[in-house]
Amino acid sequence: MESFKKKISTIVENVYKEFKPDLIIFPEYSAVFLALIPFEQEIGQAETVSQAFVNIKKNNPFLKDLKTIFLKQAHMVEAVINDVFGDLACQYEFYIIGGSYFANENGELRNRGFVYGPEGKLIYTQDKVYLTPIEINSFKVSPGNFKSVNGFYIYNRKIVISICRDTFFKEWEDLFTGSDLWVDIKANGTEFNAQEKHSFEKALPARLCSSDVTYGVTVCLTGQFLELFWQGRSSIIKKTNNSIEYIGQTDHFINQEILVKEIWFE
């Protein structure tokens, strides 16, 4: 837990000292695997997620599947998230989209994005609606509901969020009508080749072109956990005359990189 807190704190502190932002955004899955920290020894002896679970189950026979682990650890993860992101938001008096974690919603597992405000309080959560095969088959995550999606405000500007695969679906365009900034948090578990680059264009850039939202931000997780890996290029885009302009983009798609851009709303 301390290593996670130190890493997030270092990123936030460095960004704040240099740029004094109103909003910091972390990608999808940023806090998901906090749930597995108590099982570091078992995971360290494995090469795959399924093998890690076999090792964990040997010492914890009551854990019947990966979903059970995440459900059981969800309260602990929320406490860590509150301690890390809540304290940072309060200390520097800005907003933080902390990415997502696996939440326990009355016995159902949800991939939940979360936002902390300048007072250090959790001000908004949103569950992923369109799940990936690994979320359904391996982690047994349940989908969220459009009815709970509202967004939040910074200085009277409406910020809305879509979570990775959600962004490929047109339903969000009408739902987000009248918003000022559309944030897409991603954990793209596929090699970022030419085909995936084209796929990214069908996500937030395509949605922005067909909506009345002017600005969009895509924030991608990069890294690896056992056999799982995530790649993608984060970007900041602006819609002008129904075409998209990239006004900020990371140089890399496999390394950690911080993207900063000042946006002036008209």
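Some notes on this structure:
- Being surrounded by fewer than 20 Cβ atoms within 10 Å (Cβ to Cβ), among the charged types (D, E, K, R) and in contact with a Lys or Arg (Cβ under 8 Å, 6 or more places away or on another chain) holds for only one residue in GLU18, GLU42, GLU47, and it is GLU42.
- The stretch 195-238: number of residues that are free of Cβ contacts under 8 Å to residues at least 12 places away in the same chain and either part of a strand (DSSP E or B) or in contact with a Leu (Cβ under 8 Å, 6 or more places away or on another chain) (or both): 1
Conditions (1) exposed (fewer than 14 other Cβ atoms within 10 Å of the Cβ); (2) farther than 28 Å from LEU34 by Cβ, marked per residue:
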position: GLN224; (1), (2): yes, no
position: ILE237; (1), (2): no, yes
position: HIS252; (1), (2): yes, no
position: ASN255; (1), (2): yes, no
position: ILE258; (1), (2): yes, no
position: GLU262; (1), (2): yes, yes
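- Looking across the stretch 1-12, the residues that are in contact (Cβ under 8 Å) with a residue 12 or more places away in the chain and part of a helix (DSSP H, G or I) come down to PHE4, LYS5, ILE8, SER9, ILE11, VAL12.
- Cβ pairs under 7 Å, 6+ apart, first in the stretch 167-188 and within 18 Å of GLU135 (Cα to Cα) and hydroxyl-bearing (Ser, Thr, Tyr), second at pLDDT 95 or above and surrounded by 20 or more Cβ atoms within 10 Å (Cβ to Cβ): THR167/ASP184; THR167/ALA203; THR167/LEU204; THR167/ARG207
- The set of residues in the stretch 239-252 being part of a loop (DSSP other than H, G, I, E, B) and touching a helix residue (DSSP H, G or I) at 6+ places or on another chain (Cβ under 9 Å) consists of ASN242 alone.
- Residue list for the stretch 177-194, filter: in a loop (DSSP other than H, G, I, E, B) and closer than 17 Å to ASN150 by Cβ: THR177, GLY178, SER179, ASP180
- Residues that are under 15 Å from ASP166 (Cβ atoms) and in contact with a Pro (Cβ under 8 Å, 6 or more places away or on another chain) are absent from the stretch 196-213 altogether.
- All of SER142, SER148 fail the test of being at pLDDT below 95 and among the small types (Gly, Ala, Ser), apart from SER148.
- Residue check for ARG233: surrounded by 20 or more Cβ atoms within 10 Å (Cβ to Cβ), over 17 Å from GLY113 (Cα atoms) and in contact with a His (Cβ under 9 Å, 6 or more places away or on another chain): yes
- Options VAL149, VAL115; residue that is over 16 Å from ASN188 (Cα atoms), β-branched (Val, Ile, Thr), crowded, with 23+ Cβ neighbours inside 10 Å and without any contact (Cβ under 8 Å) to a residue 60 or more places away in the chain: VAL115
The values are calculated or read from the model by the stated rules, or taken from the named source; none is laboratory data. These numbers were taken from a predicted model, which means no experiment stands behind them. Every residue, glycine among them, receives a Cβ derived from its backbone with ideal geometry; neighbour counts consider all protein chains shown.
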